[in-house]
Amino acid sequence: MAKTDKSLRVLVVDDNRDGADALGLLVEELGNQVHVTYGGTNALEVAAAFRPDLMLVDLVMPDMDGCGLIIRLRQIPTFAHTRIVAITGKKDEEHKSSAMKAGFDTILFKPVALTEIKAVLASVVGSDAGQSPRRAKERARLGTERRLPIDEARRIRNDRKSKALTQVECEAAICDGILRFQEEYLGWRSEQIHAHLIKDLLVVRILGVLTLAERQLGKSLSPEKGRDLIKQVRKQLLELARPMLESLVHEVAGVKVLSMHHDISTVTGEEVVAFSLEGAPRFG
């Protein structure tokens with residue numbers, strides 16, 4: 001399958017898991033970094049952490065529909081000019097008019113053709129080519145790579161009256177813990193990592209690479225089977241670290257972890273790990 005000239009960060013939002021995964025796989029096979037989330041409510045937090053260049057959003061979803069989601073997104077300065085495309089099976093004028101008024105840039109109707117997806121991707125690449133150097137630098141920046149060893153974090157916390165870390169310190173300590181797990185248990189370390197604490201959600205983005213074995217696995221099987229197996233293997237590896245990571249988050253942020261979700265781009269190797277927390281951390 002022919003790939004686009006530039007890799008984009010694409011967020012797919014749809015409560016239909018099969019449809020969302022299929023669309024995500026298609027966009028990923030075109031050479032882009034893709035994250036898929038199954039509903040509008042989670043999409044707000046995921047978008048804040050993932051910072052997509054393009055969002056493909058289903059209009060009809062039970063928890064928060066596409067129009068409700070984009071109205072909230074457009075109120076956030078970061079997403080005021082992000083390209084957001086509605087995906088829907090509703091072809092009547094009422095749905096189309098509502099979507100455009102809500103703030104979508106355009107609408108694609110299901111089943112979406114490959115040529116339509118390529119056209120949307122090309123339009124985003126074209127618009128990014130004319131962006132200011134400052135905006136281009138900001139979009140390309142993954143974020144702080146500061147590491148704060150847990151022993152140092154404990155010392156800092158104990159020296160304070162509040163007995164709490166700042167948000168930046170919490171995120172840096174979590175990054176250090178994950179990199180330490182990679183070094184000690186897996187024998188490799190990611191080049192870049194960034195943690196975002198957003199209310200009661202912790203999202204960690206790990207910019208890594210696929211191993212040679214994973215690349216061979218993807219080539220030897222069908223794209224769908226290879227993609228699924230790579231995701232399963234990486235998820236199982238991460239499960240080894242789950243007790244340690246949950247303990248780390250609890251100690252650093254002062255809140256318990258309720259659940260953990262993992263996804264990986266089988267094109268770039270970038271991983272996203274989302275932790276649902278018992279409550280919002282209190283920072284010093």
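Read the figures in this text as sums done on the coordinates, not as results from a lab. All of these numbers come straight from a predicted model, not from anything done at the bench.
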Legend entry - Alpha-carbon centroids, the stretch 240-284 and the stretch 23-66: separation in whole Å: 20 Å
Inset, instruction - Could you pull out every whole DSSP H run in the chain that spans at least 27 Å of Cα extent along its own axis and averages -0.5 or higher on the Kyte-Doolittle scale? - result: 223-253
Legend entry - Mean residue ellipticity (222 nm) of the chain, computed from DSSP H runs ≥ 4 via -39,500 (n - 2.57), nearest 500: -14500 deg cm²/dmol
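Roughly what percent of Cα-Cα pairs across the chain reach past 31 Å?
Details: 12335 of 40186 pairs.
Value for the chain (Cα pairs over 31 Å): 31 percent.
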Inset, instruction - Indicate the gyration tensor shape class of the stretch 1-61 (rounded, prolate or oblate), computed on the Cα atoms with a ≥ b ≥ c the square roots of the eigenvalues: a/c under 1.5 is rounded; otherwise a/b larger than b/c is prolate and the rest oblate. - result: oblate
